[in-house]
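Worksheet: one structure, shown below.
The values are calculated or read from the model by the stated rules, or taken from the named source; none is laboratory data. Model, not experiment: these values are computed from the prediction. Glycine also receives a Cβ, built like all others from the backbone with ideal geometry; neighbour counts cover every protein chain displayed. Note: areas computed on protein heavy atoms with side chains; ligands, DNA, RNA excluded. Shrake-Rupley method; radii C 1.70, N 1.55, O 1.52, S 1.80 Å.
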Amino acid sequence: MQTLKTWANVSSISRSRQGKTTQSILGNLDLAFATIHSTVGTGKYWSDGWGIPEDVRRLLDVHSKRMGKVRAGSLYTNEETLPSIQWKSQKRVAMGKRSVLVQDGSFATPINDGTLPPESRTARFQLLSPELAIPGSPRPAWVHLSGTGDQGYGMRRDVGALLLQQGVSSIVLESAYYGTRRPKRQTAGKLRRVSDMLSLGNATIEETLLMLRWLRAAGFWPLGICGFSMGGVNAVLAAACCREFPVGVVTLCAPYSAVPVYLEGALARACDWRALQRDLGESCSCVLGHGVRHGTGPASSTSTPGAISSYAARRAAEERMAQILTVTDLRRVPPPPVPAATILLQADDDAYVPTDSPEVLAGAWATAEKPEIRRVNGGHVWAFLAQRRAFAQAIIDASDSLSGRFAQPPLSHVQTRPSWPDRLTANRLHN
């Protein structure tokens with residue numbers, strides 16, 4: 001595939017004269033955005049505390065099964081299961097010289113253990129695909145996962161439009177708790193409980209595996225998963241579970257773990273630490289068996305915020321958060337299936353996530369080949385707004401790497417034909 005025109009300003013040389021000034025401005029932009037995001041209109045994250053202890057315990061158990069050296073696969077479906085997709089609105093859009101199909105679809109989430117609210121139990125997505133495919137040519141497709149608070153399809157659909165210029169299709173998945181899947185009591189994209197984040201991640205991983213399976217059965221190849229920020233974390237986690245066929249991975253500004261994001265980064269100021277401190281005594285037992293101390297010190301289940309200092313209560317809440325979020329540590333899961341088709345992009349002046357996250361992950365993943373690391377200018381917010389071409393180019397490059405290394409896997413394991421919008425669409429995509 002060709003290189004996208006004017007594809008971003010990926011930094012290959014260090015900035016000298018204006019480096020410190022630029023870093024200060026862009027870092028402050030992240031901090032300012034986080035402050036506004038936490039104080040204007042929609043409140044803070046975790047305003048209802050940690051969540052129902054039994055839900056937290058169950059979700060931690062599920063996520064823990066994905067840790068280790070062995071790819072777990074899906075924990076809710078078998079490898080022959082395909083989603084039963086309900087297709088809705090369909091429109092064809094002219095993009096340059098291409099005619100593009102934009103198709104809305106939905107299917108029942110595989111998460112059937114009661115950890116998702118009713119509003120989130122129908123997974124929704126958009127399929128962006130060239131209306132006509134060249135016979136015998138690869139038909140690459142990528143699943144795009146949402147970052148924190150990313151409601152709707154906007155930014156990811158923009159990246160998908162860039163990919164369509166090179167014939168790459170996209171599935172843009174709407175996350176549980178966001179957009180049309182948002183619970184009634186939730187304000188905008190602010191998750192009310194810490195357990196909601198665990199639940200969102202669990203649903204995203206399992207729904208991504210289903211969509212990859214559907215794409216493969218429909219004849220798309222090569223396949224990959226991509227995401228910005230939290231979407232990048234979930235992309236790596238989903239790829240770590242995929243054992244049916246190789247997939248590529250591309251992340252933009254994804255941390256190696258959510259722990260430093262919520263404890264040290266700009267997003268820490270968007271957390272309702274007072275609500276978490278108030279909820280400490282009631283929820284201490286919810287993480288029993290997952291590394292949290294019990295019976296000693298301020299994190300004891302017998303302690304309450306009223307019995308200890310405000311500082312100690314904050315420290316206890318931070319300790320609890322760190323222990324829970326160990327299940328997001330990407331160093332603890334199997335490395336991406338194809339390191340050579342894994343590209344980690346990181347903004348130089350990111351105030352939300354540790355800027356050395358790609359290097360941390362490359363060092364932790366014990367593979368002969370290492371993922372490619374690309375640096376981009378700007379901070380977290382700036383990367384979201386201005387680095388979409390760099391993101392799209394990395395996806396194209398990862399697709400090319402997969403095509404060059406692997407023949408199209410057989411479909412012998414697929415027992416059910418994938419559901420298509422209609423016979424005409426299916427014929428056009430396959431012809």
Inset, instruction - Quickly run through segment 268-278 and pick out the residues that are open to solvent by less than 10 Å² (accessible area, probe 1.4 Å) and either in a helix (DSSP H, G or I) or under 14 Å from residue 380 (Cα atoms) (or both). - result: 270, 275, 276
Legend entry - Within segment 323-357, tally of residues that are buried (at least 23 other Cβ atoms within 10 Å of the Cβ), within 27 Å of residue 31 (Cβ to Cβ) and within 16 Å of the chain's Cα centre (by Cα): 8
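Conditions (1) charged (D, E, K, R); (2) in a helix (DSSP H, G or I); (3) surrounded by 24 or more Cβ atoms within 10 Å (Cβ to Cβ), marked per residue:
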residue	(1), (2), (3)
189	no, no, no
197	no, yes, no
204	no, yes, yes
212	no, yes, yes
224	no, no, yes
232	no, yes, yes
235	no, yes, yes
245	no, no, no
Inset, instruction - Look through segment 381-431, keep the residues that are among the hydrophobic types (A, V, I, L, M, F, W, C) and not in a helix (DSSP H, G or I), and return whichever of them is modelled with the lowest pLDDT. - result: 414
Inset, instruction - Identify all residues within segment 126-148 that are open to solvent by less than 30 Å² (accessible area, probe 1.4 Å), closer than 28 Å to residue 63 by Cβ and at pLDDT below 95; write none if there are none. - result: 126, 146, 147
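Output the residue which, of all residues in segment 247-267 that are part of a loop (DSSP other than H, G, I, E, B) and at pLDDT below 95, is surrounded by the most Cβ atoms within 10 Å (Cβ to Cβ).
The qualifying residue surrounded by the most Cβ atoms within 10 Å (Cβ to Cβ) is 265.
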Legend entry - Matching option when the condition is in a loop (DSSP other than H, G, I, E, B) and either more than 19 Å from residue 210 (Cβ to Cβ) or open to solvent by less than 20 Å² (accessible area, probe 1.4 Å) (or both), among 70, 100, 56: 70
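Yes/no per residue for (1) among the aliphatic types (A, V, I, L, M); (2) on the phi > 0 side of the Ramachandran plot:
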| residue | (1), (2) |
| --- | --- |
| 145 | yes, no |
| 152 | no, yes |
| 179 | no, yes |
| 185 | no, no |
| 202 | no, no |
| 218 | yes, no |
| 230 | yes, no |
| 236 | yes, no |
| 240 | yes, no |
Inset, instruction - Could you tell me whether any residue of segment 365-377 is in contact with a Lys or Arg (Cβ under 8 Å, 6 or more places away or on another chain) and surrounded by 23 or more Cβ atoms within 10 Å (Cβ to Cβ)? - result: no
Legend entry - Unmet criterion (only one of (1) at pLDDT below 95; (2) of a type in the set (Gly, Ala, Ser); (3) open to solvent by 20 Å² or more (accessible area, probe 1.4 Å); (4) in a helix (DSSP H, G or I)) for residue 295: (4)
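Each row is one residue, and each column tells you yes or no for (1) modelled with pLDDT under 95; (2) farther than 30 Å from residue 50 by Cβ; (3) over 9 Å from the mean Cα position of the chain (by Cα).
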{"position": "189", "(1), (2), (3)": "yes, no, yes"}
{"position": "224", "(1), (2), (3)": "no, yes, yes"}
{"position": "234", "(1), (2), (3)": "no, no, no"}
{"position": "237", "(1), (2), (3)": "no, no, no"}
Legend entry - Checking residue 180 against (1) open to solvent by 10 Å² or more (accessible area, probe 1.4 Å); (2) within 12 Å of the chain's Cα centre (by Cα); (3) β-branched (Val, Ile, Thr), the condition it does not meet: (2)
Inset, instruction - Sort out which residues of segment 378-402 are closer than 17 Å to residue 139 by Cβ and open to solvent by 50 Å² or more (accessible area, probe 1.4 Å), and write them in order of number. - result: 400
Inset, instruction - Scan segment 46-71 and report the pairs whose first residue is over 10 Å from residue 198 (Cα atoms) and whose second residue is among the acidic types (Asp, Glu) and assigned to a loop (DSSP other than H, G, I, E, B), with Cβ atoms within less than 6 Å and a gap of 6+ or a chain change. - result: 46/272; 47/272; 49/279; 50/279
Inset, instruction - Determine whether residue 367 is within 20 Å of the chain's Cα centre (by Cα) and among the polar types (S, T, N, Q). - result: no
